[in-house]
1. With facing chain B (nearest Cβ under 10 Å), closer than 21 Å to B:A150 by Cβ and aliphatic (A, V, I, L, M) as the only criterion, which of A:A270, A:A282 stands out?
2. Which one of these does A:A118 not meet: (1) part of a helix (DSSP H, G or I); (2) within 30 Å of B:D265 (Cβ to Cβ)?
3. Exactly one condition in (1) out of contact with any Asp or Glu (no Cβ under 7 Å at 6 or more places or on another chain); (2) within 12 Å of chain B (Cβ to nearest Cβ); (3) surrounded by 21 or more Cβ atoms within 10 Å (Cβ to Cβ) is false for A:A133; which is it?
4. Select the helices (runs of 4 or more DSSP H) contained entirely in the stretch A:135-186, then report the ones holding at least 1 residues which are hydrophobic (A, V, I, L, M, F, W, C) and over 25 Å from the mean Cα position of the chain (by Cα).
5. Take the stretch A:204-259 and flag every residue that is away from chain B (no Cβ under 13 Å), not in a helix (DSSP H, G or I) and not hydroxyl-bearing (S, T, Y).
6. Which condition from (1) modelled with pLDDT of 85 or more; (2) more than 15 Å from the chain's Cα centre (by Cα) is the one that B:M269 breaks?
7. Condition first: facing chain A (nearest Cβ under 10 Å), touching a residue at least 12 places away in the same chain (Cβ under 8 Å), assigned to a helix (DSSP H, G or I) and polar (S, T, N, Q). Can you find one or more residues in the stretch B:267-280 that meet it?
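The values are calculated or read from the model by the stated rules, or taken from the named source; none is laboratory data. Being a predicted model, the structure only gives us computed values, none of them experimental. Note that each Cβ is placed from the backbone with ideal geometry, even for glycine, and that neighbours are counted across all protein chains shown.
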Amino acid sequence: MQQQEKASLDHLFRPASVSAKEPEKISRPPLTAFQDSFRRLRKNRAAIVSLIILILLGVLAIIGPWMTSYTYYDTDYSAVYKAPNADHWLGTDKFGRDQWARIWEGTRISLLIAVLAAVLDLVIGVAYGAISALVGGRVDNVMQRIVEIIIGIPSLIIIILLMMVMEPGIMTIMLAMVITGWVNMARLVRAQILKLKEQEYVLAARSLGASNTQIILKHLIPNTIGIIVINTMFTIPSAIFTEAFLSFIGLGLQEPMASLGVLIHDGYQAINTQYHLLLYPAIVIIAIMVTFNILGDGLRDALDPRMRK
Amino acid sequence: MKRYIGMRLVYLLITLFVITTATFFLMKQLPGTPFDEEKLNRLPVEERQLLYASYGLDQPVYVQYVRYLANVVQGDFGTSFTYKNMPVKDIIANRIGPSALIGLQAVVLGLSIGLILGIIAAYRHNSAWDYFTMFIAVLGVSVPNFVLAALLQYYVGLKWGLLPVAFWDSYENSILPSVALSVGVVAIIARFARNEMLEVLQQDYITTAKAKGLTNMAVVMRHAVRNSLIPVVTILGPIVVNLLTGSLVIENIFGVPGIGSLFVDSIKMNDYSTIMGITIFYSAFYVFIMLIVDMLYSVIDPRIRLASGGE
């Protein structure tokens, strides 16, 4: 009786089409490492606020000089050392030049130098240090001696010679920075990779047949990212101030060009009577530094796979 | 080990030779002469020739170079053009003292405060200490050191009258410049120490050490600090060289008779022998410090082999 009933019901069941792959299928599109990092960065409110402020500063650097009818180079001797007012929003300097226009013109140049310094550090410095450490032996030896020679030849002499060949100005300063700007990063990355390359996971990757490039890109640089980010954060202000120093000894920007470094230096000369000449460029530079730093820390945490939660 | 150091010393000499050669020929391309151009033009041609000849400047550059090199090998660095024929060796010897004292104090101060701040900041991650350290670190690099120096002069020197503002008469004069220089060092060292410590503290061997029942202090001091020193040592090398050989800005502001301003002046004045003397001195010091740093790597982390890959 029961047997009969079961047999009559059997035909109602059909085997489900089970493929072995079905349960393994990933239902959502996979995230690349970059997307993953970006998601983590987006959750970091301070970093996002910093990014917005930085973008704002960048936009002001582009449109700022055009927002006022004054230019950064027009002198007006009837209006020297004016305090901030409705006409000159941030006052005027010792030649009656509009400080608002000068600050954003200066921010333009300083940001340009900062970005160049950071890119140089990240491209040349990191690659140089990584290759030097990982290949090691004779290559490392030669590459490090080259670094020592680059440091050893006084950069001031090179800059003066560059000035003779090229016009003094922003291009010359940038070229001078190209020559030496990446050296510290190269040494730092090299030191870190010297330490990392003896670790077990590098040996494991190597025994799996990974190439040097793969090991550098997939294993060593991600583990060095903290140092890379921090050193970039230090390179940016030191590049901005190197430019100010060169202008200070008469080898940098020529009047009436301005950079934040030059403006701070000029403002410092008049600190007792016209403190606003120092105050506003200082606020801009400190805003750039602080936001770069917070964003850098956020990036560091976002890029570091060990910080994943 | 001995073989490695021997090899490095040989390389050190080669590097110095290349730097000397390159600097010499580049320097000769600089515009102008070491002499006052206006006065020079008033001299009759014969006297001008005599003047050049007396300094050997009438010879082709390569002859001058060979002569200079021969003198340097015998320990003679020539005489200065600007400082009344003083031997360059004496000038450097006179000027290095103040620069080295200020630099050394700044390094010691900056390193100790920076390390302490960085270690505590990492250990108490995201605490008030941590934020304070990061604040100092951002401030330390964002404020130009001449502004900091001026503030120190104004408050400590003038307003409170605690320390002398400028000049170089007694030990007290070295304190303010040292402090002004050390702030940047504190910022850099604290940042790198904090970052490395944060990573080291996540490692398994720290958990093991804690599991063994070591006190927090012992874990940090014995296991964590040592493993986080590599970047600190690397970045400290160039800092030591730059600070001990003088900072132009700080020396100018505090009126310190150091080597930083001497160097910039010598390049501006085409004082050939002084430029060469300081360059050789500076680069010898730099190359030597780099050797020390490379050797320290394998002391700090024995897994790093000195002549890695050389065999």
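1. Exactly one residue qualifies, and that residue is A:A282.
2. Among (1) part of a helix (DSSP H, G or I); (2) within 30 Å of B:D265 (Cβ to Cβ), the lone unmet condition for A:A118 is (2).
3. (1)
4. A:137-152, A:155-165
5. Once the filter is applied, which keeps residues that are away from chain B (no Cβ under 13 Å), not in a helix (DSSP H, G or I) and not hydroxyl-bearing (S, T, Y), the stretch A:204-259 yields A:L208, A:G209, A:A210, A:G252, A:L253, A:Q254, A:E255, A:P256, A:M257, A:A258.
6. So the condition that B:M269 fails would be (1).
7. yes
Conditions (1) outside any helix (DSSP H, G or I); (2) surrounded by fewer than 18 Cβ atoms within 10 Å (Cβ to Cβ); (3) touching a residue at least 24 places away in the same chain (Cβ under 8 Å); (4) on the phi > 0 side of the Ramachandran plot, marked per residue:
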{"site": "A:R39", "(1), (2), (3), (4)": "no, yes, no, no"}
{"site": "A:A46", "(1), (2), (3), (4)": "no, yes, yes, no"}
{"site": "A:I53", "(1), (2), (3), (4)": "no, yes, yes, no"}
{"site": "A:L60", "(1), (2), (3), (4)": "no, yes, yes, no"}
{"site": "A:S69", "(1), (2), (3), (4)": "yes, yes, no, no"}
{"site": "A:Y73", "(1), (2), (3), (4)": "yes, yes, yes, no"}
{"site": "A:S78", "(1), (2), (3), (4)": "no, yes, no, no"}
